[in-house]
Amino acid sequence: MYKYVIFLVLIFGFGNVSEAQTGLFTNIANRHTTSLNGKWNYIIDPYEFGYYDYRLKAYDTNNSGSPAAYYNNSKAQNKMDLVEYNFDESPVIQVPGDWNSQEEKLLYYEGTLWYKRSFDYQKSGENNRVFLHFGAVNYIAEVYLNGQKLGYHEGGFTPFSFEITANLKSKDNYLVVKVNNNRFKEAVPTVNTDWWNYGGITRDVQLVEVPPVFVLDYFIQLKKGTRDKVKGFVQLSESRIEQLKLNIPELNFSQQLQTGPDGKASFEFQLDDLSLWSPESPKLYEVAITTGYETLKDQIGFRTVETNGNRILLNGSPLFLRGISLHEENTMRGGRAYAEADALIAFTWAKEMNCNFIRLAHYPHNEHTIRLADRMGILLWEEIPVYWTIDFSNEAVYQKAQKQLSDVITRDKNRACTIIWSMANETPQSEARNSFLKKLIEHTRRMDDTRLVSAALEHRVNSEGVNIFDDPISREVDILGFNQYTGWYGGHPDDIPNVKWFFDQGKPVLMSEFGAGALAGHHGDKYTRWTEEYQEYLYEQTILMMKGMPELCGVTPWILADFRSPRRNLPKIQDGWNRKGLISNSGDKKKAFFAMQKWYKEIMEQ
């Protein structure tokens, strides 16, 4: 009866070392949660003194009760006790949030930081189960509750959970999290990026209380190729036969379901009088799944997205993606974005520029960002950080990438706004890389065949001076995405409109990046780098070029706002910021912003 409970015990161990089961929950936003956000005590530990003894043996290998292990939250009991740390006397830091932007001394810190938070908790139902859920921790998290190790998680941008029902006390729980953001070759992303490696507990921490049998996962979307048939599944937490009900009250729709012995119920049904979701009309329906234990609600939009030749079709109509790229950063605060208010600022800017589409670069963004896009009618490209110099020949690296992809698809597969899953950005061709990306594409389509697949690819110039795409992955994706920086990294802005492009894939083409750096308020003529005039002129010239590309179905210039990057060190211009933003780190719009705004308005009026 409780096979899945046994599975959880084996996986999580209730104290044994294990990797967190990411994607354990969908729809955290509509479950019974208690926030653990706020001020946490922290200890900086570059030598990992609180994790290893002097022989470099991990204290938690045998669940050591040593007072030297920071996860034990030890206190000196008498004047002879030797305890060389004290969380309660240590400084505090805000969770969620990165440590780099909160403490000046931690701006460039890469290493280990320990977090500690104490809390009380009383369950609302005696037989209910409680899970500890993290929205994201960058990059490796090792989690301990009341001195017992729950497990670890690798990956800086995906959610994970641990069941803590057996560990939880009604009073005086202490939660300790060891966070390490060191870059290393076998990581995803790997050592080389063009964004700040913000360390810390960067997204919400919540306690999630659920009944003994709960809705683990579900997929409720329009069947591929139809506009009135809904297809999907509901998966319970237990392997058992159970009666379910699926309701959409606004449509007076109710469907009885029954799970199989594996706890899963698959379905397909017709919905009449369905209002389709679109940027112009982002209609969301309340959908409720009712079991004998709970009713779980969600807000779901229904729409179709497909390709026809070199066109993208949304709900059967041609669509031009008036886009922009976005890092998950509050540019004015200069740190990792963590609140819905941060996303609202960025989305409001994008809407002002007449965008209907945003490329979320270069990693999965916060779940509330995706839900906000659903409500505001903004289409999304979601991406995993398979970026630049990934170790494509390493099977363990592939498994990390696939896991991150699985987690973001699991989390966001019911969001109408997400129309493109992206596999990678600017990765060099090789047999190992091609195999790596093909496997990711195949995995994506097995998990979700209702959306499109793309990647930001590179191109080359042939002997006739024409830009061509002979990357084998261009034959595998649904949309051919590519980055180009003519006039900034090579070439002259005057020549941009005459650049020649050739596409023989017969697919929609999306220019996933172009741009130039400019310091807001720095002015000169249009040929002087780093001026707003140079950036504006490059944008105007690139717009002229794009108007001559009949295959083009969208564009996401690089980038909405300036963002921090340790690679960008030109004094008085960059000072640790990538200046390709159309908006400065003080919130000022550069001249190129208005060039894109004007062109997008022209497209809207056609």
Mind listing whichever residues of region 423-454 are outside any loop (DSSP other than H, G, I, E, B) and in contact (Cβ under 8 Å) with a residue 60 or more places away in the chain? 425, 452, 454
Return the residues of region 36-93 that are of a type in the set (A, V, I, L, M) and part of a strand (DSSP E or B); say none if nothing qualifies. 43, 44, 58, 92, 93
Mind checking which pairs have a first residue in region 584-601 that is under 16 Å from residue 540 (Cα atoms) and a second that is of a type in the set (Phe, Trp, Tyr), Cβ under 6 Å, 6 or more apart or different chains? 592/539; 595/539
Would you point out which residue out of 62, 72 is within 36 Å of the chain's Cα centre (by Cα), loosely packed, with under 11 Cβ neighbours inside 10 Å and not aromatic (Phe, Trp, Tyr)? 62
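Identify the residue in region 504-544 that is touching a residue at least 60 places away in the same chain (Cβ under 8 Å) and of a type outside the set (Gly, Ala, Ser) and, among all such residues, is farthest from residue 485 (Cα to Cα). Talk me through it step by step, then tell me what you get.
Taking region 504-544 first, the residues touching a residue at least 60 places away in the same chain (Cβ under 8 Å) are 506-510, 512-513, 515-521, 532.
Add one more test, that the residue is of a type outside the set (Gly, Ala, Ser), and what stays is 507-510, 513, 519, 532.
Numbers: 507: 22, 508: 20, 509: 16, 510: 14, 513: 8, 519: 18, 532: 17 Å.
Result: 507.
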Is it the case that region 575-596 has a residue that's in contact with a helix residue (DSSP H, G or I) (Cβ under 8 Å, 6 or more places away or on another chain) and either at pLDDT below 95 or under 21 Å from residue 469 (Cα atoms) (or both)? no
Search region 125-176 for residues being among the charged types (D, E, K, R) and over 20 Å from residue 409 (Cβ atoms), and hand back the single one that is modelled with the lowest pLDDT. 126
For region 483-514, give me the residue count where each residue is of a type in the set (Asp, Glu) and within 13 Å of residue 310 (Cβ to Cβ). 1
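For region 430-456, name all the residues that are more than 30 Å from residue 223 (Cβ to Cβ) and open to solvent by less than 10 Å² (accessible area, probe 1.4 Å).
Looking only at region 430-456, we keep the residues that are more than 30 Å from residue 223 (Cβ to Cβ), and these are 430-436.
Residues satisfying the conditions are 433, 436.
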List, please: which pairs have Cβ atoms under 7 Å, are six or more places apart or on different chains, and start with a residue in region 291-307 that is closer than 30 Å to residue 553 by Cα and end with one that is open to solvent by 60 Å² or more (accessible area, probe 1.4 Å)? 299/286; 304/227
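For region 274-289, does any single residue satisfy the condition of being among the β-branched types (Val, Ile, Thr), over 23 Å from residue 452 (Cβ atoms) and open to solvent by 20 Å² or more (accessible area, probe 1.4 Å)?
No, the conditions are met nowhere in region 274-289.
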Among what's in region 466-481 and is in contact (Cβ under 8 Å) with a residue 40 or more places away in the chain and more than 24 Å from the chain's Cα centre (by Cα), pick the residue that is most open to solvent (accessible area, probe 1.4 Å). 472
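Among what's in region 94-129 and is part of a loop (DSSP other than H, G, I, E, B) and hydrophobic (A, V, I, L, M, F, W, C), pick the residue that is surrounded by the fewest Cβ atoms within 10 Å (Cβ to Cβ). Talk me through it step by step, then tell me what you get.
We begin by selecting, within region 94-129, every residue part of a loop (DSSP other than H, G, I, E, B); these are 96-103, 107-111, 120-128.
Keeping just the survivors that are hydrophobic (A, V, I, L, M, F, W, C) gives 99, 107.
On the way: 99: 26, 107: 15.
Across region 94-129, the extreme among qualifying residues is 107.
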Looking only at region 500-544, count every residue that is open to solvent by 20 Å² or more (accessible area, probe 1.4 Å), among the small types (Gly, Ala, Ser) and closer than 20 Å to residue 598 by Cβ and tell me the total. 1
Within region 332-368, residues open to solvent by less than 10 Å² (accessible area, probe 1.4 Å), within 12 Å of the chain's Cα centre (by Cα) and not small (Gly, Ala, Ser) come out as 359, 360, 362, 363, 364, 365
Reported set for region 130-161 where residues are more than 16 Å from residue 182 (Cβ to Cβ), surrounded by fewer than 24 Cβ atoms within 10 Å (Cβ to Cβ) and among the β-branched types (Val, Ile, Thr) is 130
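Restricting to region 99-132, and then to whatever is acidic (Asp, Glu) and under 24 Å from residue 199 (Cα atoms), can you tell me which residue is nearest to the chain's Cα centre (by Cα)? Spell out the reasoning first.
Let us first name the residues in region 99-132 that are acidic (Asp, Glu), namely 103-104, 110, 120, 126.
Filter again for under 24 Å from residue 199 (Cα atoms), leaving 103-104, 110.
Details: 103: 25, 104: 26, 110: 21 Å.
That would be 110.
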Checked region 164-178 for anything open to solvent by less than 10 Å² (accessible area, probe 1.4 Å) and touching a Lys or Arg at 6+ places or on another chain (Cβ under 7 Å); matches are 175, 176
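The values are calculated or read from the model by the stated rules, or taken from the named source; none is laboratory data. Being a predicted model, the structure only gives us computed values, none of them experimental. No Cβ is skipped: glycine too gets one built from the backbone with ideal geometry, and neighbour counts run over all protein chains shown. To get the accessible areas, we keep the full protein, side chains included, count just its heavy atoms, and leave off ligands, DNA and RNA. Shrake-Rupley method; radii C 1.70, N 1.55, O 1.52, S 1.80 Å.
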